[in-house]
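Each reported figure results from applying straightforward, stated rules to the coordinates on display, with no laboratory input. Since we're looking at a predicted model, the values are computed, not measured. No Cβ is skipped: glycine too gets one built from the backbone with ideal geometry, and neighbour counts run over all protein chains shown.
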Amino acid sequence: MSKPDWRRAGQGVGFLLGLALMGWCIAIALSPDNREQLSHLLDATPGQVAILLGCSLGTLLFNGWIFWVVLLPVKRTGLWYMSAVNAVATLISYAPFKISVAFRVVVHNRVDRVPVLTIGAWMAAIAVLALTVLAPALLASMWTANQGLLWWALWLGGSALFTGMAVLLARAFAGEKGWKRLAALCSAVAFGRHMISGEHGRRLHAGIDMLSHWRASFAAALLRVGDVSVQGVRVWVAAQILHVDLGWGPCMVIASTYFLIGVISPIGMLGSREGGSTAVATLAGIASPDSAAGILTVSLLITASEALVNLAGGGIGAIFLRVDRWLLSRVSRRAASPDRHGVAAEQDERN
């Protein structure tokens, strides 16, 4: 079995483990000890349900806009077009094998003509700008006991500082001069010289050009602050519906963990986010082993509301992108290819 086959098999097993983990989470949430919390779902007000769904829609839009604004220094695309691509990719991210990543690569490479290596550099730039916002939030939660004005000042001020540092560092290696400076720096490393030189190196270097654009980077950081805030509100509202006592700080920790696990999990989002965020909440002292079921139920409620929004958003995005045309055109090309070969053979015989 080749390496790709082993990788696919491993991801398939991981996906099954994720499904098993999701089943375990649901079993705990539906246990007799947790039925009282579940009964509070019937008491949820229309306003709470609307906020819960609205927050899921907000995070879906924020992430699409982040993809759009980070790419702007290198390639201009439509805002709503990028939102549609993100919505479809988010919907299929529930599946294993990182199909959502493959979908993004295919669309932006075939439709937008962005080189594959530049797409990888684009994803890396988005990850860096996510860390410049999430790291200060974590540090602020560690340094302050309550989430008052000091916490907000540390988070927002730290996000601006970290993003500014990332921009300044990228500017030192941006542009033609920066590329030559980076190439000279990498020449001291045997493998680094080959990685950064030539056309492939320039395509990777585009990620640095994205980060060095201060307007795009700070806009992406501001959108990420909005995304994390919306996700924190979502956790808080879900906790209010289920009568789980959670302050703003714990909600932000759970929201950030839920988001990060969904991004980096190689086995898909199902099960891993719920189990992982509950485990982190227990390790961080937010919940005791006895009250962890409450956090787990909150995570499952978030997953259910998010799935409804992602299903609707992915469907609308697919209609906007006319994915049906892509599929039908591919099928028609495959169906027509034997005929073309047959016509070519007949022409050869006549000649």
**Study point:** Karplus-derived HN-Hα couplings along region 86-95 (A = 6.51, B = -1.76, C = 1.60, θ = phi - 60°), whole Hz, x at Gly and Pro
**Key:** 5, 5, 5, 5, 5, 5, 7, 6, 5, 7
Revision key, fill the gap. Summing +1 per Lys or Arg and -1 per Asp or Glu among the other residues with Cβ less than 14 Å from residue 235's Cβ gives -2
Exercise for review: Starting at the first residue of region 252-261, write each ³J(HN,Hα) from the Karplus equation 6.51 cos²θ - 1.76 cosθ + 1.60 with θ = phi - 60°, in whole Hz, x for Gly and Pro.
Suggested key: 5, 5, 5, 5, 5, 5, 4, 5, 5, 5
Exercise for review: Find how much the distance from residue 172 to residue 116 grows on full extension, using 0.36 nm per residue of separation minus their present alpha carbon separation; answer in nm with one decimal.
Suggested key: 17.7 nm
Check your understanding: Net charge near residue 302, counting Lys/Arg +1 and Asp/Glu -1 over other residues with Cβ under 12 Å of its Cβ?
Key -> 0
Check your understanding: What are the ³J(HN,Hα) values, in whole Hz, obtained from phi via the Karplus relation 6.51 cos²θ - 1.76 cosθ + 1.60 with θ = phi - 60°, for each residue of region 304-313 in sequence order, with x given for Gly and Pro?
Key -> 5, 5, 5, 4, 4, 5, 5, 5, 5, x
Practice item. Using a Förster distance of 35 angstrom, determine the FRET efficiency expected from the C-beta separation of residue 292 and residue 200, and round it to 0.05. Key: 0.15
Review point. Taking 0.36 nm per residue of separation and subtracting the Cα-Cα distance, what length does fully extending residue 95 through residue 214 add?
Key: 39.3 nm
Point to revise | Distance between modelled label sites at residue 243 and residue 45, nm, 7 Å Cα→Cβ extension | key: 1.7 nm
Revision key, fill the gap. Within the under-12-Å Cβ sphere about residue 171, not counting residue 171, Lys/Arg +1 and Asp/Glu -1 give a net charge of +1
Practice item. Before anything else, pin down the relative contact order of region 106-186: Cα pairs under 8 Å, at least 6 apart, normalised by residue count, whole percent. Key: 22 percent
